[in-house]
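Student: Below are the structure tokens for one structure; questions will follow.
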Amino acid sequence: MFGQRRGGAVAGAAGRVVPLDPDRGLVRAAQADLARFDALYRKYLAQVYSLAYHELRDHHEAEDVTERTFLLALGALPRFHEEAPADAAPEASTFRVWLLRIARNVVANHRRGARRRPTAPLEAAGALAAPDDPQGRVLARDEASAAWAAVARLPGDRRRAVVLRFVEEMSTAEIAGVLGRSEGAVRVLLHRALRSVARDLAARDPAAREEAP
Amino acid sequence: MTPSALEAVEVEALVTDRYLEALLAAADRRADDAPADPALDPAVRGAVLRLRDELVRVHPSFRFEERLARRLGEAAVSMRLAAAAGADAAVIPFPTGVPGPDRAPGDPFAGRPVDAARLAARRPLLVGGAVTSAALSLAGAAFVAWRLSRGAPVDPFARAVRLARAARGGRDALPGGLS
């Protein structure tokens, strides 16, 4: 799902073009009056929720992670400022990168907690969806998608990089900011992830196998 | 992995990245695909196109969205109230009788035995909003001390009460000294 690219740009002090955080106005308004955090919440709800859902593959767990992410972001908002590491691109310091970094950490904590409290497998939850439950039907359809399954089989950061790239439409620099890696490392992560997905799809999909050179 | 192999992967990764960027730009132009470098693996290109079409953003339910919006609104209000009551609170470690490796020489608590219960009860002290109530308590204690040091009150009402009690004397006294 590729869509509109974000933001404008201004010339920095050294003549370098520095992308503007498109959320700067909303962030400053929310820092001045926390009640105005709602605008940022509405804007990024689906992105945080999608990231959590692609990581956890469970709507209830994704809701839990989404709730904790936004509560943590609200609490930390007065201390937020755009500041990327010296070796990172300016895009790595935007509000969106900061928020999704919080979400990534909350997902990691959630996974650690889930390992301590094992529950029923996800397949069992899918089988329990009522026949008149549209959300359950969508979930079943999504889970049947070979591409989703191939992404779900990728190891940790490769999977996250793919989700951030294709679902959240983030640039390499932004993904580097969320994952705390260099842009070069993210490029290699993505490339290896795409090769794995290509192999996986070819192995499971006869049509793709025939198309493959 | 040898340096040359690593470089080869990095070059391939760059080619893939350029194609991904071109695809993003193509989406802005509402184009379906973008030209790819001949060096790009066709299988990788196929996977990219498939992921672009099939990996979709998921939206939570409207009920969840509104419930969380309310919760965030309440949290924002409580944070605002906390800020109005003295926002710049700081956590300061409260001194206890527990000897520690960082205790300075000459400390009166040095050498005392470790009390497990006190150790468990040790908490940092929140200073900020609490300062106001502490100051009021100090003012109250000073006022009581001042009143006691002034001896008997000269208030006419208190004097009348005392005179009435004296006039009653032992007449209304109840057995056992109760009055």
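Student: Summing +1 for each Lys or Arg and -1 for each Asp or Glu, what net charge is found among the other residues whose Cβ lies under 13 Å from the Cβ of residue B:37? Walk me through the numbers on the way to the answer.
Tutor: Numbers: positive: B:18, B:45; negative: B:12, B:17, B:21, B:41.
Around residue B:37, the charge tally is -2.
Student: Using a Förster radius of 45 Å, what is the FRET efficiency between residue A:64 and residue B:168 based on their Cβ-Cβ separation? Nearest 0.05, please. Numbers along the way, then the final one.
Tutor: On the way: r = 72 Å, r/R0 = 1.59.
Computed FRET efficiency for residue A:64 and residue B:168: 0.05.
Student: Continuing with the same structure: Within the range A:55-77, whose backbone N sits under 13 Å from a point 7 Å along Cα→Cβ of residue B:75?
Tutor: Zone members listed by number: A:64-77.
Student: Report the label-to-label distance for residue A:28 and residue B:159 in nanometres (one decimal), using points 7 Å from each Cα along the Cα→Cβ vector.
Tutor: It works out to 6.9 nm between the two label points.
Student: Add +1 for every Lys or Arg and -1 for every Asp or Glu among the other residues with Cβ under 13 Å from the Cβ of residue A:38, and state the total.
Tutor: Working: positive: A:36, A:42, A:43, B:70, B:71; negative: A:33, B:65, B:66, B:74.
Computed value for this residue: +1.
Student: Once you average over the residues of A:30-40, how many Cβ atoms of partner chains fall within 10 Å of each Cβ?
Tutor: On the way: counts 1, 0, 0, 2, 9, 6, 1, 6, 4, 0, 1.
If you average over the peptide's residues, the count of other-chain Cβ atoms is 3.
Student: Taking a probe of 1.4 angstrom, what is the accessible area of residue B:78 in Å², to the nearest 10?
Tutor: Its accessible surface works out to 60 Å², give or take rounding.
Student: Label points 7 Å out from Cα along the Cβ direction at residue B:61 and residue A:112: separation in nm?
Tutor: 3.1 nm
Student: Pulled fully out, how much extra length does the chain show between residue B:26 and residue B:146, if you take 0.36 nm times their separation in residues and subtract their Cα-Cα distance?
Tutor: Numbers: separation 120, 0.36 × 120 = 43.20 nm, distance 8.26 nm.
Residue separation times 0.36 nm, minus the Cα-Cα distance, leaves 34.9 nm.
The values are calculated or read from the model by the stated rules, or taken from the named source; none is laboratory data. Owing to the predicted nature of the structure, the values given are computational and were not obtained by experimental measurement. Cβ sites come from the backbone with ideal geometry, for glycine too, and all protein chains shown count toward neighbours. For accessibility, only protein heavy atoms count, side chains too; no ligands or nucleic acids. Shrake-Rupley method; radii C 1.70, N 1.55, O 1.52, S 1.80 Å.
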